[in-house]
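The values are calculated or read from the model by the stated rules, or taken from the named source; none is laboratory data. A quick note: this is a predicted structure, and the numbers were derived from the prediction, not measured. Ideal geometry is used to build each Cβ from the backbone, glycine not excepted, and the neighbour counts take in all protein chains shown.
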Amino acid sequence: MLLPKFEYHEPSTLQDALNLLSELGGNAKVLAGGTDLLVRMKQKIDRPSHVISIARVPGLDAIIPRNGHGVTIGGAVSAGAISRHELLNDRFLPLALAAGRLGAPMIRNRATIGGNLVNARPAADLPPPCMVLNAEFKLKSASGEREVAAVEFFRGPGEADIEPNELLVSINVETPMPWTGGSYIKLGARKTLEISMVNVAALITLQSPDGVITDARIALGAVAPTPVRAYAAEELLIGEKPTDELFERAGMTGVGLCSPITDHRGTMEYRCMMIEVLVKRSLKQAVERAKSWKP
């Protein structure tokens, strides 16, 4: 299938890219990895008059630790780079795990975190981990910049809180507290190149290795028009000692927060069953990792 005709731009600075977005507005699309945009253009779903490549814009593909207080991930960092990054696997594990489950190796080495987030697909891999990590997304335009919390960024299927003249330049995440562990589980019919039927990210902080849960975060994907934080399930966990029974209750509560659909990948009833199972499983994994936390 041939691409529709368009004018190609390859700015070499961030400001040039932002100026182009400001001038061209809704007639332009940003090209990063291209794993989604080029497919949509070939299918004639998207027909931009202009395509702006950010491949030559410096800094957007960098992962920068912030003196032990957190990390800044450029919007053009590939899923593959995230999945292999030592710091992200150590302190921000849900994101590294999710990046490692995105597509297949060739896709992961092209697909970018910014593209995965901005596309705002309900079943996307990277939004739930960003939500449990309380990530902040920095958006820039030619006239200014702003930050949006991950939990507020997704508005509906394919809809995100980003204007046509804005670029998602970075994802900023604070380092979790000591005795914190995380998890990400994705359910699909295949082990690779699969769209999630359900995905779950979890983050648990313990008072001590054998102590109560002091913080809990759960995010669910592919079970509602947007990824969702399971706040009611989280509240059940705070102040409690981790047990299988407690995690089962959290899973049952999580089901009530979702509105899954029936499609060719799975029925609504099956997805509801799997929410319970995967929430419990992800919480158990997160707790085990929290207990083995190392300074």
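Counting only helices (runs of 4 or more DSSP H) wholly contained in the stretch 38-154, the ones carrying 3 or more residues that are surrounded by 21 or more Cβ atoms within 10 Å (Cβ to Cβ) and touching a Phe, Trp or Tyr at 6+ places or on another chain (Cβ under 6 Å) occupy 93-101. The condition (being of a type in the set (A, V, I, L, M, F, W, C) and under 20 Å from the mean Cα position of the chain (by Cα)) is satisfied by just one residue among Ala28, Ala55, Ala81: Ala81. One residue stands out among those in the stretch 217-243 that are within 21 Å of Asn116 (Cα to Cα), among the aliphatic types (A, V, I, L, M) and in a loop (DSSP other than H, G, I, E, B): the one that is nearest to the chain's Cα centre (by Cα), which is Ala222. None of His69, His50 is over 17 Å from the mean Cα position of the chain (by Cα) and under 21 Å from Val151 (Cβ atoms) except His69.
Residues in the stretch 206-237 that are among the β-branched types (Val, Ile, Thr) and within 21 Å of Ala135 (Cβ to Cβ) were compared, and the one that is modelled with the lowest pLDDT is Val223. Only one entry of Val173, Val200 meets the criterion of being in contact (Cβ under 8 Å) with a residue 60 or more places away in the chain, in contact with a Cys (Cβ under 8 Å, 6 or more places away or on another chain), among the hydrophobic types (A, V, I, L, M, F, W, C) and not in a loop (DSSP other than H, G, I, E, B), and that entry is Val173.
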